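Each value in this text was obtained by applying a stated rule to the coordinates, not by laboratory testing. Note that the coordinates shown come from a computational prediction; the quantities given were computed from them, not determined experimentally. Cβ: placed from backbone, ideal geometry, glycine included. Neighbour counts: every protein chain shown.
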Amino acid sequence: MELSPNERDNLLQWNGRRRGFYEVYYLKWNDPASRTACWIRYTLTSPLPRVGAPYCELWGIFFDIDHPEKNFAVKNRFPIEQLSWDADRFRVGIAKGELTHNACRARIEHEGHELAWDLTFASTLPTYRYFPYESFYRGAFPRTKGVSPHVDARFDGTIEADGRTIRLHDAPGQQTHLWGTQHGQRWAWGHCNTFREDPTALWEGLDAQIKVGPVLSPHFKLFYVRWLGRDHFFNDLSAWLSNESDWQVGRWTFALKNEELRIEGAAVCRFDELVAVTYMDPNGNSLWCNNSKIASLRLSIYDRGGAHLAELTSEHGAAAEFVDRVTHPQVPVRI
């Protein structure tokens with residue numbers, strides 16, 4: 001059976017032996033009916049030999065807009081022998097959990113919390129590629145690669161969160177595939193496909209800084225907006241530096257322009273709408289992800305002459321994460 005281009009983009013990149021490598025599949029969705037959101041990950045880490053043995057993990061964070069005190073994070077780690085995958089189609093299994101190109105299921109129990117999901121999802125857009133140059137996916141730079149085979153997905157199925165059952169129907173979300181040899185030094189990332197004014201609109205953003213030897217790079221700023229059925233990319237090499245972006249934990253502002261549009265935006269969330277979790281590089285270094293799937297987002301869209309064209313807003317429906325090499329006391333680390 002011939003795979004679609006989107007499914008090929010999801011195929012596992014790890015060869016089963018390579019050390020100093022990690023790979024991540026993450027999915028997120030927002031459910032307006034229950035006013036909840038989730039973020040889940042299927043991951044493998046094959047650290048350098050001096051750091052430890054390879055392993056795989058299931059992750060999850062549950063968010064409740066109206067009761068953020070009920071937000072929680074869970075993670076289960078397994079030896080790499082409990083990772084399985086198919087070569088001729090996209091399927092990754094971790095212990096009893098499974099992810100395919102259009103479905104996912106798993107159950108995690110961790111420190112008194114439990115999160116389970118049994119979902120299907122689908123999308124119609126082509127894969128969103130963070131980098132517009134194929135050489136960036138074939139070469140050593142950058143050290144993390146990323147594609148979103150389901151950049152504008154809709155989810156159906158059942159969630160169980162600490163005894164609460166939530167049934168999803170057409171919940172907007174996303175599925176992304178990352179792999180590489182080292183995380184960025186620090187970054188802000190966001191995604192939204194829950195805009196009140198245009199349910200078909202989509203925003204994705206990344207502002208990342210990497211380490212080149214002992215030196216920190218400039219901030220590389222890559223954005224994508226889909227509006228009124230048209231794609232607007234702000235991610236070529238010139239845009240990496242010309243896009244304006246400024247962030248700190250809980251607030252991100254940016255301004256973008258291409259040949260047609262200028263877009264100004266802001267993603268914000270309170271500290272209690274963030275959940276911090278610990279990542280690890282294959283070399284053993286730690287970094288911390290301050291993650292929200294219930295941030296609020298505003299986009300103001302202008303033509304190149306300055307005429308105001310539209311406002312797009314999403315209240316508590318956007319993903320926003322802020323990752324750094326230090327922890328922030330306002331956001332307790334959960335896992």
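When segment 203-238 is limited to residues that are of a type in the set (Gly, Ala, Ser) and either in contact with an Asp or Glu (Cβ under 9 Å, 6 or more places away or on another chain) or surrounded by 21 or more Cβ atoms within 10 Å (Cβ to Cβ) (or both), the one that is farthest from LEU125 (Cα to Cα) turns out to be ALA208. Anything in segment 52-80 that is over 24 Å from GLU315 (Cβ atoms), part of a loop (DSSP other than H, G, I, E, B) and among the aliphatic types (A, V, I, L, M)? List them, or say none. Across segment 52-80, the qualifying residue is only ALA53. Residue pairs whose Cβ atoms lie under 9 Å apart, sitting 6 or more positions apart in sequence or on different chains, and linking a residue in segment 134-151 that is more than 18 Å from GLN185 (Cβ to Cβ) to a partner that is surrounded by fewer than 16 Cβ atoms within 10 Å (Cβ to Cβ) and charged (D, E, K, R), are PRO149/ARG8. Among all positions in segment 130-138, there is no residue which is in a strand (DSSP E or B) and either within 28 Å of LEU299 (Cβ to Cβ) or of a type outside the set (Phe, Trp, Tyr) (or both). Considering segment 178-190, and only residues there that are surrounded by 23 or more Cβ atoms within 10 Å (Cβ to Cβ) and in contact with a Ser or Thr (Cβ under 8 Å, 6 or more places away or on another chain), the residue that is nearest to SER34 (Cα to Cα) turns out to be ALA188. Tallying residues that are in contact (Cβ under 8 Å) with a residue 12 or more places away in the chain and either of a type in the set (A, V, I, L, M) or part of a strand (DSSP E or B) (or both) within segment 211-236 yields 14. Only residues that are surrounded by fewer than 21 Cβ atoms within 10 Å (Cβ to Cβ), of a type outside the set (A, V, I, L, M) and under 17 Å from the mean Cα position of the chain (by Cα) were counted across segment 24-40, and they come to 1.
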